[in-house]
Amino acid sequence: MPRITGGSLGSRKLRSPKGGTVRPTPGRVKESLFSILMHRLEGARVLDLFAGTGAIGFEAASRGAARVVSVEGRREVAGAIEEAAKNLGVDDVLTVFAGAAERALYRLEGPFDIVYLDPPYADPVPLQLFRLLRERELLAADAVVVYEHAAKRILPEIPGYRSTREEVYGDVALAFLAPEA
């Protein structure tokens with residue numbers, strides 16, 4: 001059962017949907033991620049694509065984000081995130097978009113300061129989503145896009161972005177990208 005690791009909701013548990021269709025980000029990866037993002041979170045607008053349990057969005061809300069949008073394509077999983085937001089008392093900060101990530105990018109209003117992309121590891125690099133984030137002007141000028149992927153994957157150059165940092169935690173890697181001006 002995933003747990004919120006810090007902030008006002010620290011140590012609260014989140015339910016994982018049944019059936020093994022969700023791959024929660026490991027706790028140590030979340031802790032490292034939020035240590036890296038710590039100085040950017042207060043008042044930040046956060047977009048969590050492929051939200052799964054919603055843990056990344058809940059961590060951001062717990063640590064001072066002003067607005068969090070969790071995008072999840074499976075309706076029952078999105079419903080569980082909405083229910084958890086109400087139960088945790090953060091439904092004024094965290095909203096859920098139930099639908100495909102690409103569709104969400106056409107409907108959401110930005111800009112976002114932090115975007116977390118965590119598609120299924122077997123999927124190809126979501127170049128279309130990276131493109132839409134820029135085209136739809138969903139990124140703040142100093143935004144960071146964090147792409148979680150399998151550590152064994154070698155990332156291609158992503159048009160319109162520059163790599164600022166790469167962290168590897170066992171089988172999990174986090175690529176930190178900034179939009180080019």
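Pairs linking a residue in region 143-154 that is in contact (Cβ under 8 Å) with a residue 24 or more places away in the chain to a residue that is in a loop (DSSP other than H, G, I, E, B) and buried (at least 20 other Cβ atoms within 10 Å of the Cβ), with Cβ atoms under 7 Å and 6 or more positions apart or on different chains, are E148/T25; E148/D118. Residue-level check: of (1) at positive phi; (2) out of contact with any Pro (no Cβ under 7 Å at 6 or more places or on another chain), F50 misses just (2).
The condition (being within 26 Å of D171 (Cβ to Cβ) and charged (D, E, K, R)) is satisfied by just one residue among R67, R28, R107: R28.
Just one residue in the set A65, A104 is of a type outside the set (S, T, Y), part of a loop (DSSP other than H, G, I, E, B), at pLDDT 95 or above and in contact with a strand residue (DSSP E or B) (Cβ under 7 Å, 6 or more places away or on another chain); that residue is A65.
Screening region 132-144 for residues that are outside any helix (DSSP H, G or I) and surrounded by 15 or more Cβ atoms within 10 Å (Cβ to Cβ) and picking the one that is nearest to the chain's Cα centre (by Cα) gives V144.
Among D142, D113, D123, D171, which is the only one that is closer than 14 Å to G57 by Cα and of a type in the set (D, E)? Talk me through it step by step, then tell me what you get.
On the way: D142 fails: closer than 14 Å to G57 by Cα; D123 fails: closer than 14 Å to G57 by Cα; D171 fails: closer than 14 Å to G57 by Cα.
Of D142, D113, D123, D171, the one residue that is closer than 14 Å to G57 by Cα and of a type in the set (D, E) is D113.
Of all residues in region 109-131, those that are within 18 Å of I81 (Cβ to Cβ) and surrounded by 19 or more Cβ atoms within 10 Å (Cβ to Cβ) total 6.
Residue by residue, here is whether (1) within 13 Å of the chain's Cα centre (by Cα); (2) crowded, with 20+ Cβ neighbours inside 10 Å; (3) of a type in the set (K, R); (4) modelled with pLDDT under 70 holds:
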{"position": "G6", "(1), (2), (3), (4)": "no, no, no, yes"}
{"position": "S16", "(1), (2), (3), (4)": "no, no, no, yes"}
{"position": "G20", "(1), (2), (3), (4)": "no, no, no, yes"}
{"position": "H39", "(1), (2), (3), (4)": "no, no, no, no"}
{"position": "G43", "(1), (2), (3), (4)": "no, no, no, no"}
{"position": "L49", "(1), (2), (3), (4)": "yes, yes, no, no"}
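Look at Y116 and say whether it is of a type outside the set (A, V, I, L, M, F, W, C) and in contact (Cβ under 8 Å) with a residue 60 or more places away in the chain. Answer is yes for this residue.
The values are calculated or read from the model by the stated rules, or taken from the named source; none is laboratory data. These numbers come from a predicted model, not from an experiment. Cβ atoms come from the backbone with ideal geometry, glycine included; neighbour counts cover every protein chain shown.
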